[in-house]
Amino acid sequence: MTAKAELHYDGRTLELPVIEGSEKERAIDISALRKELGLITLDPGYVNTGSCRSAITFIDGEKGILRYRGYPIEQLAERSSFLEVAWLLLHGELPTTAELQSFKEDIRLHTMLHEDVKRFFGAFPKKAHPMAICAAVIGALSTFYQNFLDPNDEGQSNLSTHRLLAKVPTIAAYAFKHSIGQPFLYPRNDLDYASNFLHLMFATPCEEYEIDPVVAKALDLLLILHADHEQNCSTSTVRLVGSSQVNLFAAISSGVAALWGPLHGGANQAVIEMLQQIESEGLDGKRFLESCKDKDDTRRLMGFGHRVYKNFDPRAKIIKKACFEVLDRLGTKNKMLDIAVELEEVALQDDYFISRKLYPNVDFYSGIIYQAIGIPVNMFTVMFVLGRLPGWISQWKEMQGDASKRIGRPRQVYTGATERSYVPIDERG
Ligand code: SDX
């Protein structure tokens, strides 16, 4: 028996079905609303609005739960690897040994960029933000695969998936190499995913570059933690752009652009810049927090707060623990970590943050590890792209496979001028 919600309006009653998800979340299906009552809903920021049914990632914001295809993020962080998690997100099940090996091989075969793609980088200013470069080059990649872009062809979509997972780390590393005037290196197919990225980023043709296993493991963990997060801003962008049936490269490029914003993935860069400002100006953490609470001050406590989590972001807890472990193993101290821990302690005792249920999110500590492993600050959000890529593709794939899929086209409530006649320019006031 389907549960119902009743809407009474203008003397009429409309019964709307209430649907329930596998975790007992409920939603009113308003598909009939406009046809039956001539009404639409309005929900700025989609705070109360579901865009789709999805079986990929479950978040319980009140309990601080995050699961990929039912597996708790804590277990995946502890026991899995990024490419295994990518397969899980894409296919819905953990891979067998043979499936994982074949997946790794598929990706390894596509890590090189077409030699003509490498020429794009030289056209960018040295100080170009790497997120701009990534969005541009990922979008342009589609021009090299003109006959493999049909979003409804499973074989072509799988090939595009492998190409993106393989090439985006190369694109990211080349954006960094371009910014420092160093030569691009070729990927090394004998290295694992994270190690190959470190090689592309930090090796030079002049000498052997030794991959630190502690650093490679930390990077793989961070990629797992960023892999998917249900219908966040950039994922919803990928779905909306993808709903027009444009190719996957263009949809992913739009996700990169959305993620760049400082309220979204760009927050990891903003957090470190905030911590560096506190340190360089010798600011007192407590006083700095006061400015974050001041409505007249645009500053926010970056890396804090979340649309869904009204409890700890489980990813932040894992990353904070990893910060101490990685810095300890690398034998390095990091003043940023000390400042971040102090800010967290003070904020979590402050009624402004408590009453608004503002806790550290995934971006609060991630930059400290990126910094410890040598990633430059303006590459932090690019690291988020590398992690979120399998999530974006999985969500795009789920949408493409949905028999009820339609182009996304929200309505609006018009508040502009009502009808009026054109006035010739010589008669205007
Ligand atoms: C990510 O959606 C996802 O899943 C995203 C993500 C993912 O994996 O894809 O988790 C990744 O984007 C994490 C969020 C990274 N962004 C930041 O750290 C930027 C700082 N945080 C905020 O800007 C904010 O918390 C958001 C953008 C994350 C959430 O914004 P909401 O849900 O629209 O909440 P809001 O802005 O309406 O805030 C509610 C109240 C407001 O105060 P009042 O108007 O009620 O007085 O809380 C205040 C806000 O001013 N507030 C903050 C704050 N975050 C919210 N005040 C100070 N510092 C903050 N960080």
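The values are calculated or read from the model by the stated rules, or taken from the named source; none is laboratory data. Everything numeric here is computed off the predicted structure, so don't read it as measured data. When we count neighbours, we look across all protein chains shown, and the Cβ atoms used for this are built from the backbone with ideal geometry, even at glycine. Note: areas computed on protein heavy atoms with side chains; ligands, DNA, RNA excluded. Shrake-Rupley method; radii C 1.70, N 1.55, O 1.52, S 1.80 Å.
When residue 190 is tested against the conditions (1) outside any helix (DSSP H, G or I); (2) in contact with a helix residue (DSSP H, G or I) (Cβ under 8 Å, 6 or more places away or on another chain); (3) among the acidic types (Asp, Glu); (4) open to solvent by 10 Å² or more (accessible area, probe 1.4 Å), the lone failure is (2).
Residue by residue, here is whether (1) surrounded by 14 or more Cβ atoms within 10 Å (Cβ to Cβ); (2) away from the ligand (no atom under 13 Å from the Cβ); (3) not charged (D, E, K, R) holds:
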residue	(1), (2), (3)
286	no, yes, no
296	no, no, no
300	yes, no, no
312	yes, no, yes
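Of the helices (runs of 4 or more DSSP H) lying entirely inside region 239-318, those containing at least 3 residues that are under 25 Å from residue 136 (Cα atoms) and under 22 Å from the mean Cα position of the chain (by Cα) are 248-259, 267-280.
Per the listing 261, 265, the residue uniquely farther than 21 Å from residue 158 by Cβ, crowded, with 23+ Cβ neighbours inside 10 Å and not hydrophobic (A, V, I, L, M, F, W, C) is 265.
Of the residues making up region 1-15, just one is within 21 Å of residue 54 (Cα to Cα) and among the aliphatic types (A, V, I, L, M), namely 3. The condition of being over 14 Å from residue 230 (Cβ atoms), open to solvent by 60 Å² or more (accessible area, probe 1.4 Å), within 16 Å of the ligand (Cβ to nearest atom) and touching a Lys or Arg at 6+ places or on another chain (Cβ under 9 Å) holds for residue 62.
I need the helices (runs of 4 or more DSSP H) fully contained in region 336-428, keeping only those with at least 2 residues that are surrounded by fewer than 20 Cβ atoms within 10 Å (Cβ to Cβ).
Numbers: elements: 351-355, 362-372, 380-400.
Result: 351-355, 380-400.
Taking region 89-143 as the range and being loosely packed, with under 14 Cβ neighbours inside 10 Å and part of a helix (DSSP H, G or I) as the test, the residues that pass are 97, 98, 101, 102, 105, 119, 122, 143.
Filtering region 204-240 to residues that are crowded, with 20+ Cβ neighbours inside 10 Å and away from the ligand (no atom under 16 Å from the Cβ) leaves 215, 216, 218, 219, 220. Residue pairs whose Cβ atoms lie under 9 Å apart, separated by 6 or more positions or on different chains, with the first residue in region 354-378 and within 23 Å of residue 178 (Cα to Cα) and the second β-branched (Val, Ile, Thr) and near the ligand (Cβ under 10 Å from one of its atoms), are 367/271. For region 319-335, filtering for residues that are under 25 Å from the mean Cα position of the chain (by Cα) and open to solvent by 50 Å² or more (accessible area, probe 1.4 Å) leaves 4. Within region 54-80, being in a loop (DSSP other than H, G, I, E, B), among the charged types (D, E, K, R) and without any contact (Cβ under 8 Å) to a residue 60 or more places away in the chain holds for one residue alone: 69.
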